[in-house]
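Single-structure report; data block below.
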Amino acid sequence: MVKFSTSLVLALTAIAVNAVPFEKRIAQTISDSTQKWVAACNKAGGGEQCSNISVTAFSTLLAAAGPCDQQNSADAMIDLAKQLNNDPDMIKFAQIFAQQPRNTPTSESVPYCQQAPKNAELNGLFQCQFQGAKQDTFVGGVKVGSPGTIPFGFTSPLSPPGSCPANPTGPIPDGQQLSDITQDPGLANVKDGSGAGAAAPPASSAAPPAASSAAAPPAASSVAASSVVAPPAASSAAATCAPKTRKRGAMKKRIAQDTVAAATPWEDACTKAGGADKCNPIAVTAFGTLLAAADPCAQQDSADAMIDLAKQLNNDPDMIRLAQIFAQQPRNTPTSQAVPYCQKAPKNAELQGLFQCQFQGASQDTFVGGLKVGSPGTIPFGLTSPVSPPGSCPANPSGPIPDGQQLVDITQQPKAAGGSGSASGSAAPPATSSSATDDGDDAEDGGAAECA
């Protein structure tokens with residue numbers, strides 16, 4: 001039987017009695033916002049760039065993101081679409097993404113970007129608001145008419161409030177995805193943000209299904225914390241490289257993974273421990289650190305954030321253990337070379353001596369950038385000689401793990417018997433699986449841009 005302390009009961013009673021001043025957060029499952037764009041991107045041959053740009057993009061919907069981050073990501077989506085023969089579906093879904101409501105931490109409307117987009121395809125587009133948000137007050141208590149409360153290029157407030165070109169009749173139901181409501185970016189409504197078009201369903205009803213797409217799950221599953229930053233946006237820079245068509249045998253293959261899966265077990269443990277809306281933003285930031293463009297210490301920093309929250313939740317042992325395993329998950333490599341190690345001490349003692357494994361398909365004697373073992377960044381912080389066996393880590397001391405696999409699926413222990421460099425402990429299974437993005441040495445790239 002669950003027992004509540006007297007102070008907790010009094011606190012809950014106070015909230016119930018004084019519910020009016022309490023401002024609810026309005027959120028969504030942010031990863032749903034780019035799924036249709038990613039599907040179009042993969043179909044067009046975008047390869048690993050699709051996932052990298054997508055992760056950066058949907059993170060811009062978090063409450064802590066800058067007002068123009070969402071538009072900047074939509075620009076990156078269109079940049080890649082233009083490299084892929086101006087793929088119309090990628091452009092269309094980028095235009096719809098640019099209008100997806102952002103999370104609001106206070107049930108107030110979210111400010112609009114105040115700069116022009118890079119691509120003309122985004123001119124006149126701006127985000128809708130959620131129906132549960134106050135349409136006359138923006139985050140921070142800012143009243144309509146103040147800076148940031150009117151979309152760029154407009155001279156007067158929106159009418160109706162909360163609308164956008166893709167849904168010109170008003171805001172959309174809380175937590176839903178605009179791409180599930182309409183497949184039309186509403187370019188015909190760009191001039192004043194209002195006009196004819198299909199309305200979003202009332203807040204009391206579900207959005208009508210889009211082609212082969214289900215409505216977004218309840219908003220409670222993903223809420224932003226204002227103290228958490230979005231994952232590094234550097235990955236979207238990959239969209240600027242020139243497209244080429246060549247045999248894969250002439251290039252070094254990428255080794256990647258489903259980065260979301262790396263932080264999911266920790267997020268589940270966090271939710272179970274009562275972390276609520278703090279779990280998802282930390283998980284989103286964390287799995288973004290596994291991308292090839294991430295800083296060598298970003299992964300460790302995220303593991304520190306995971307442990308910081310665990311300590312707030314009664315030192316939850318599962319959260320700490322899974323954070324320790326996450327800190328050792330291999331990172332994506334753009335060139336089938338080993339990925340450099342962080343060169344600073346972690347904040348939390350629970351992470352001391354931990355560093356990422358490498359994937360088995362990576363060259364263990366050469367690191368990204370052509371660095372040879374022994375060069376700066378090729379030896380984990382605190383060690384004085386190269387890792388032995390190469391590519392191993394404390395959780396899997398027998399060597400690297402199969403390409404694309406999750407360390408948490410191989411072991412539930414952050415340190416195997418004997419520690420890193422020992423032949424003892426449970427080894428990863430043989431490398432029978434291939435990279436998530438490699439189609440074989442003789443496969444054609446099909447014109448996809450070749451960059452990390």
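The values are calculated or read from the model by the stated rules, or taken from the named source; none is laboratory data. Remember, it's a predicted structure, so these values are computed and weren't measured experimentally. For neighbour counting, all protein chains shown are included, and Cβ atoms are generated from backbone atoms with ideal geometry for every residue, glycine included. All accessible areas refer to the heavy atoms of the entire protein, side chains included, with ligands and DNA or RNA removed. Shrake-Rupley method; radii C 1.70, N 1.55, O 1.52, S 1.80 Å.
Can you name the condition, by its number, that Met319 falls short on among (1) more than 15 Å from Pro414 (Cα to Cα); (2) open to solvent by less than 10 Å² (accessible area, probe 1.4 Å); (3) part of a helix (DSSP H, G or I)?
Met319 satisfies all of (1) more than 15 Å from Pro414 (Cα to Cα); (2) open to solvent by less than 10 Å² (accessible area, probe 1.4 Å); (3) part of a helix (DSSP H, G or I) except (1).
Residue under question is Pro117, and the condition is that it be modelled with pLDDT of 95 or more and open to solvent by less than 50 Å² (accessible area, probe 1.4 Å); does it hold?
Yes; evaluated as a whole, the condition is true for this residue.
Could you list, in sequence order, the residues of region 289-315 that are open to solvent by 30 Å² or more (accessible area, probe 1.4 Å) and either free of Cβ contacts under 8 Å to residues at least 12 places away in the same chain or farther than 16 Å from Gly353 by Cα (or both)? Write out each step before concluding.
So in region 289-315, the residues open to solvent by 30 Å² or more (accessible area, probe 1.4 Å) come out as 293, 295-296, 301, 305, 308, 311-315.
Answer for region 289-315, where residues must be open to solvent by 30 Å² or more (accessible area, probe 1.4 Å) and either free of Cβ contacts under 8 Å to residues at least 12 places away in the same chain or farther than 16 Å from Gly353 by Cα (or both): Ala293, Asp295, Ala305, Asp308, Lys311, Gln312, Leu313, Asn314, Asn315.
Among (1) within 26 Å of Arg25 (Cβ to Cβ); (2) more than 25 Å from the chain's Cα centre (by Cα), where does Ser179 come up short?
For Ser179, the failing item is (2).
Give the residues of region 307-316 that are in a helix (DSSP H, G or I) and within 13 Å of Glu267 (Cα to Cα), sorted by residue number.
Looking only at region 307-316, we keep the residues that are in a helix (DSSP H, G or I), and these are 307-312.
Ile307, Leu309, Ala310 - these are the residues of region 307-316 that are in a helix (DSSP H, G or I) and within 13 Å of Glu267 (Cα to Cα).
If we keep just the residues of region 250-288 that are open to solvent by 50 Å² or more (accessible area, probe 1.4 Å) and under 18 Å from Gly45 (Cβ atoms), which is modelled with the highest pLDDT?
For region 250-288, the residue satisfying everything is Lys253.
Pick out the one residue from Gln95, Gln70, Gln100 that is touching a Ser or Thr at 6+ places or on another chain (Cβ under 7 Å), in a helix (DSSP H, G or I), buried (at least 21 other Cβ atoms within 10 Å of the Cβ) and not β-branched (Val, Ile, Thr). Give the steps one after another, and end with the answer.
Details: Gln95 fails: touching a Ser or Thr at 6+ places or on another chain (Cβ under 7 Å); Gln100 fails: in a helix (DSSP H, G or I).
Criteria check complete, one pass: Gln70.
Every residue, every condition in (1) closer than 19 Å to Leu291 by Cα; (2) in contact with a strand residue (DSSP E or B) (Cβ under 8 Å, 6 or more places away or on another chain), yes or no:
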| site | (1), (2) |
| --- | --- |
| Thr29 | no, no |
| Trp37 | yes, no |
| Cys41 | yes, no |
| Gly46 | yes, yes |
| Cys50 | yes, no |
| Phe58 | yes, no |
| Gly66 | no, no |
| Asp69 | yes, no |
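Tally the residues that are among the small types (Gly, Ala, Ser) and open to solvent by 40 Å² or more (accessible area, probe 1.4 Å), restricting the search to region 371-386.
3
Taking region 177-193, which residues are of a type in the set (Gly, Ala, Ser) and either touching a residue at least 24 places away in the same chain (Cβ under 8 Å) or surrounded by 18 or more Cβ atoms within 10 Å (Cβ to Cβ) (or both)?
Ser179, Gly186, Gly193
Can you pull out the residues in region 361-384 that are in contact (Cβ under 8 Å) with a residue 24 or more places away in the chain and part of a loop (DSSP other than H, G, I, E, B)?
Those that are in contact (Cβ under 8 Å) with a residue 24 or more places away in the chain and part of a loop (DSSP other than H, G, I, E, B): Gly361, Ala362, Val368, Gly369, Gly370, Pro376, Gly377, Thr378, Ile379, Pro380, Phe381, Gly382.
Check region 28-38 and report whether any residue there is modelled with pLDDT of 90 or more and assigned to a loop (DSSP other than H, G, I, E, B).
Taking region 28-38 first, the residues modelled with pLDDT of 90 or more are 33-38.
Restricting the remaining residues to those that are assigned to a loop (DSSP other than H, G, I, E, B) gives none.
Within region 28-38, not a single residue is modelled with pLDDT of 90 or more and assigned to a loop (DSSP other than H, G, I, E, B).
Within the set of pairs 6 or more residues apart or between chains, which connect a residue that is under 19 Å from Gln114 (Cα atoms) and assigned to a strand (DSSP E or B) inside region 150-176 to a residue that is open to solvent by 10 Å² or more (accessible area, probe 1.4 Å) and hydrophobic (A, V, I, L, M, F, W, C) with Cβ atoms less than 7 Å apart?
Taking only residues 6 or more apart or on different chains, the pairs are Cys164/Phe126.
Which of (1) surrounded by fewer than 24 Cβ atoms within 10 Å (Cβ to Cβ); (2) under 15 Å from the mean Cα position of the chain (by Cα); (3) in a helix (DSSP H, G or I) is the odd one out, the single condition Lys82 does not satisfy?
(2)
Going by the conditions given, is Gly419 modelled with pLDDT under 95 and either open to solvent by 10 Å² or more (accessible area, probe 1.4 Å) or not hydrophobic (A, V, I, L, M, F, W, C) (or both)?
Here the answer is yes, as Gly419 does meet what is asked.
Can you go through Gln358, Gln329, Gln343 and tell me which one is open to solvent by 10 Å² or more (accessible area, probe 1.4 Å), within 18 Å of Val387 (Cβ to Cβ) and touching a residue at least 40 places away in the same chain (Cβ under 8 Å)?
None of the others qualify; the one that does is Gln343.
Surrounded by fewer than 21 Cβ atoms within 10 Å (Cβ to Cβ) and under 18 Å from the mean Cα position of the chain (by Cα): is that true of Ala64 in this structure?
In short, yes.
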